[in-house]
1. Non-local amide H neighbours of B:Ile291 (under 5 Å, H modeled in plane, Pro and chain starts lacking H): which ones?
2. Say R0 is 51 Å: what FRET efficiency, to the nearest 0.05, do A:Asn189 and B:His347 get from their beta-carbon distance?
3. For peptide B:398-410, how many partner chain Cβ atoms fall within 10 Å of a residue's Cβ, on average?
4. Let me know the Kirkwood hydrodynamic radius for region A:20-64, please, with Cα pairs as the basis and the value in Å to one decimal.
5. Over region B:170-283, average the accessible area per residue using a 1.4 Å probe and give it in Å², no decimals.
6. Work out the length of the dipole vector of chain B about its Cα centre, built from +1 on the beta-carbon of each Lys and Arg and -1 on the beta-carbon of each Asp and Glu, and round it to the nearest 20 debye.
7. Which residue, chosen from B:Gly333, A:Leu161, B:Tyr215, occupies the Cα position most advanced towards the positive end of the dipole of the protein assembly as shown, where the dipole is computed from +1 (Lys, Arg) and -1 (Asp, Glu) charges on Cβ about the Cα centre?
8. For region B:183-196, what does the Karplus curve 6.51 cos²θ - 1.76 cosθ + 1.60, with θ = phi - 60°, yield as ³J(HN,Hα) per residue in whole Hz, taken in order and with x for Gly and Pro?
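The values are calculated or read from the model by the stated rules, or taken from the named source; none is laboratory data. Computed from a predicted structure; not experimentally measured. Ideal geometry is used to build each Cβ from the backbone, glycine not excepted, and the neighbour counts take in all protein chains shown. When the accessible area is computed, the model is the full protein with side chains, heavy atoms only, and any ligands, DNA or RNA have been set aside. Shrake-Rupley method; radii C 1.70, N 1.55, O 1.52, S 1.80 Å.
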Amino acid sequence: MLEIRNLHARVDDRDVLKGIDLSIGPGEVHAIMGPNGSGKSTLAYVLAGREGYEVTEGSIRYQGNDLLDLAIEERAREGVFLAFQYPVEIPGVTGTTFLRTAVNALRKHRGEKELDAMQFVKYVRKKQSELNISDDMLRRPVNVGFSGGEKKRNEILQMALLEPTFAVLDETDSGLDIDALKTVADGVNALRDPTRSMLVITHYQRLLDYIVPDYVHVLAGGRIIKSGGKELALELEKEGYGALTGAVAA
Amino acid sequence: MSRQITTEFPFVDRFDELSAGLPGAGLDWLDKIRRESLDRFNRLALPSTRVEAWKYTNLNELAKTPFDIVGTSAEPTSIDLSALGVSRSGPVHRLVFANGSYSAALSDAGKFPEGIVVTNLADALTTHGDLVRPHLERISALEGQPLLALNTAFMMNGYVVVVDDGVCLEDPVELIFVSDTATPTSVHPRNLIVAGTGSRIVLSETHVGYGPSEYWSNPVTEVVVAPEATVTHHKIQQESANAFHLANTRVTLAGKGSYRAFLISMGARLARCEIEVSLEGEGADCQLDGIYLARDKQHTDITTRIAHTSPGGSSRQVFKGVLDDHSRGVFQGQVSVSPDAQRTEGHQLNKTLLLSDDAEIDTKPELEIYADDVKCSHGAAVGQLDEMELFYLRSRGLDADSARQVLIRAFIAEVVEPIEEGQFRDHLNEMIDAWLSHGSVFEEVSA
């Protein structure tokens with residue numbers, strides 16, 4: 001489904017990713033853990049296609065195609081979704097308008113009929129209640145004045161509506177208390193599907209108690225230095241990153 | 001460089017010949033103010049950028065164009081007005097002025113309730129001369145206003161709206177000014193709104209142009225608001241790409257009188273909309289909002305002057321602009337508070353979005369406060385589209401153009417959404433959407 005080969009990437013003239021190899025099969029959930037500055041978020045942005053994140057070497061193949069050839073929106077339309085670590089506030093655009101525009105952009109791409117306002121309300125209502133998202137939240141401008149938990153729930157709602165094939169969750173646990181974390185994790189788990197792969201990026205093992213991965217990779221210094229099953233996360237929690245990287249964990 | 005730009009407009013030399021065909025010809029008092037104004041214009045000429053109020057708007061190109069005045073009988077044919085009107089339902093009240101003349105054929109005034117006169121200046125001078133005269137005389141005597149003087153000298157048919165005390169009309173009165181000429185032509189419409197005590201009226205004014213030629217629209221509008229009256233005045237400046245639009249609106253408000261204006265300035269190669277509001281009565285209220293959209297090499301200028309001269313008045317202004325390509329915007333907003341105007345509230349905000357590195361905005365807020373018990377504020381901001389917001393939208397499947405449009409719409413929405421008149425708001429949104437998708441309603445009509 002996703003094949004990353006020898007990926008090198010540069011941000012602001014600084015080499016951040018220094019040769020990443022990663023294969024993710026259909027329906028698999030992979031976790032990437034690593035200390036601050038190891039390149040976790042850079043990998044997320046490179047996958048989504050953010051400008052300024054320059055791939056200098058290597059390749060990413062997604063469903064048999066070269067992902068790096070696709071524009072940001074083309075990746076989204078082909079089913080790549082990034083849940084942002086810091087969801088962006090968009091003043092003046094209401095949640096409903098934003099979600100409907102996004103859903104319709106994808107439906108149009110797939111040759112499906114676009115949803116009108118009434119149809120969209122029906123479509124969103126069910127997923128909305130599962131994630132404990134109030135109508136009021138959707139009436140407000142996107143993410144403006146939202147708490148950390150509201151922003152992350154809003155990301156997962158977008159994921160639920162856009163039904164991606166490959167989702168990257170970038171530090172979805174950061175800034176969440178335990179209740180919010182459970183809500184978000186339940187939302188993610190409800191979306192686990194044999195045809196949907198996920199890459200869960202986190203600094204802490206805690207999230208992986210709730211979203212249990214099939215594989216865990218440790219990223220340090222721009223490379224994957226160790227891979228294993230879900231027990232690797234527990235090992236890291238006990239030993240710290242320092243034991244693996246030979247340096248003091250950040 | 002001189003403070004004046006001398007001009008050689010052919011029509012100015014033909015005053016004697018032309019004035020015989022202008023509204024009110026033969027009225028001695030009107031003839032007198034026309035001649036005085038002509039002398040004043042000849043003395044003042046056009047202001048150069050050395051004049052502070054014109055520092056950012058250069059009239060050299062206008063001065064070089066050989067503008068004339070066409071015969072009053074020239075009526076445009078085959079103009080489709082259906083896309084220009086604001087009314088979608090309900091009764092239509094529409095006056096159309098084409099190339100400086102009232103077009104009875106294109107107008108549909110409809111039926112007005114008792115106590116409302118909506119007519120053209122030429123007729124008003126005949127039927128309501130005593131009412132019109134003091135207003136025309138008063139502002140025509142103002143010094144230092146060359147464009148006002150030129151308009152007065154050649155004043156052409158515009159609208160006259162008189163609302164009696166206590167009379168209200170909720171349906172908008174549509175006032176459409178059309179230019180369609182084959183040679184460089186100037187028009188100088190003169191408009192007058194007089195709202196009686198406690199009356200209410202909504203006016204929707206549109207300026208458009210067709211035809212291959214350059215033209216110059218130089219309208220002057222006087223608005224007189226009696227105590228507790230409310231005048232709502234929407235204006236759409238959608239002149240053709242060959243046009244110069246220099247408009248001057250002067251408003252006086254009596255006690256608890258209210259003037260609510262919304263301006264969209266999106267047409268013309270060079271546009272300047274000047275609005276001057278004098279809050280003369282206690283507790284008067286004024287709200288001026290608007291948007292300016294420009295691209296290519298368009299120049300768009302909004303200049304407002306709000307004078308608080310009585311206590312307890314309030315004024316609010318929000319102007320937002322979107323500038324693309326090599327366009328240039330100017331916002332000059334002056335708010336003055338006299339020593340007597342205690343308890344004044346005056347707020348002003350100007351925000352501009354620059355879509356291109358070559359676009360430019362000059363924004364100049366000016367507060368002159370001589371009273372001590374006032375609440376006044378002003379703000380100006382210039383920005384670009386946020387890269388992170390664009391990325392976020394695109395990462396959800398919106399293409400780059402759509403993402404830009406969503407963000408520009410959101411920027412403008414703050415000033416458009418509060419508009420209470422739904423039909424006007426819908427019309428405005430359609431025009432904005434057309435502009436964003438690189439067309440304009442006007443181009444679609446003429447195609």
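1. Here B:Leu263, B:Ile264, B:Ser265, B:Lys320 satisfy the definition.
2. My answer for the efficiency is 0.50.
3. 4
4. By the Kirkwood definition, the hydrodynamic radius is 12.2 Å.
5. 20
6. 500
7. Positive-most Cα among the choices belongs to A:Leu161.
8. 10, x, 10, 10, 10, 10, x, 10, 10, 9, 10, 10, 10, x
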